[in-house]
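Here it is, the structure, as structure tokens.
Each value in this text was obtained by applying a stated rule to the coordinates, not by laboratory testing. This one's a predicted model, so the numbers in the text were calculated from it and none came from an experiment. A quick note on method: Cβ atoms are made from the backbone with ideal geometry, for glycine too, and the neighbour counts reach across all protein chains shown.
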Amino acid sequence: MSDRIEPFAGVVGASSSDAADAGGVQPLVEFDRVWFGYDDRPVLEDVCLRIMPRQLVCVIGPNGGGKTTLVRLLLGLLQPQRGQVRVLGGPAQAASRAIGYMPQHVRFDPLFPISALEVALMGRLGHGGWRNRFGWYSREDRRKARDALAAVGMSGQAEEPFASLSGGQRQRVLIARALCCEPQLLVLDEPTANVDSMMESQLFATLRALNDRMAVVVVSHDLGFVSNLAERVICVNRRVVEHRSGPLNDEAVQAMYGSPMRVVDHCRAVSHEGCRHE
């Protein structure tokens, strides 16, 4: 990837003195010349990035390129070694309750008897006073959990065991858990992992609907999903470069990942005569 950071619509590469856009709207998230590394190994270099309210942003990049580190900085789990990360105008740690987060990997005991509703309720921990810090949920907490399940199309499965759900249904329940804290920003790490094409299209529609209410950041390796979902695509490979979403071709992928790659035209049926789309 080129070391040159190209500005896009006044978002990437802008200085902190220009914090608001032309309409006076303050950024929801701002990285101002952020550097971070582990030991002597640099991971992120001179990152300038803004996310505005109700934007839908996709983050892509190669393994080890810094995507996870970028998300941890945004969540306030890491502190930049140089530069500043601001969320809602202040330190990222102070805004953690305004961020709904769905991690890439969730481990659970399939024998543990927990329902989809109870998983969603976990998102209320620490948000309704001292009682629900210990899982003593109020009627209001339960209402918000059911509303969150309804928002992702899982109302009918609220009482079903979480372990009995399909991979795509579990993903949507985990999104509902992230929504239960009533966030201003929703961050999803690899939401299409272990999801089939039908569930992926439903997830696409769900994220579009949620984006009417809040900013959404999706970290994904699924370039087809990314190119269809968002107009802002942020490629992280030590430095940050922003691309407009559009038709995916070999040249675009090589520019994003910094090495030769080929785009595979996936179809459902292949014969000696070639592909047949059904």
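Report the GluC sites (Glu not before Pro) located in the range 131-210 that are in a DSSP loop and have at most 13 other Cβ atoms inside 10 Å of their Cβ, or state none.
Glu159
Label-point separation (nm) for Arg143 and Ala94, each offset 7 Å from Cα along Cα-to-Cβ?
Label at Arg143, label at Ala94, 3.1 nm between them.
Can I ask one more? Quick check on packing: order 100-111, 25-36 by the mean number of other C-beta atoms within 10 Å, highest mean leading.
So the peptides 100-111, 25-36, ranked by packing, come out 25-36, 100-111.
So what's the convex hull volume per residue for the Cα atoms of the range 71-209, in Å³?
Roughly 130 Å³ of hull volume per residue.
Please work out the Cα convex hull volume for the range 163-227 and give it in Å³ per residue.
So the per-residue hull volume is 83 Å³.
What spacing in nm lies between the two simple spin-label points modelled at Ile114 and Arg208, each 7 Å away from Cα in the Cβ direction?
3.2 nm
How much length would be gained if the chain were fully extended between Arg41 and Arg54, taking 0.36 nm per residue of separation minus their Cα-Cα distance, in nm to one decimal?
Gain on stretching Arg41 to Arg54: 1.2 nm.
With the convex hull built on the Cα atoms of the range 45-100, state its orientation-averaged projected area in nm².
Projected over every direction and averaged, the Cα hull of the range 45-100 covers 4.3 nm².
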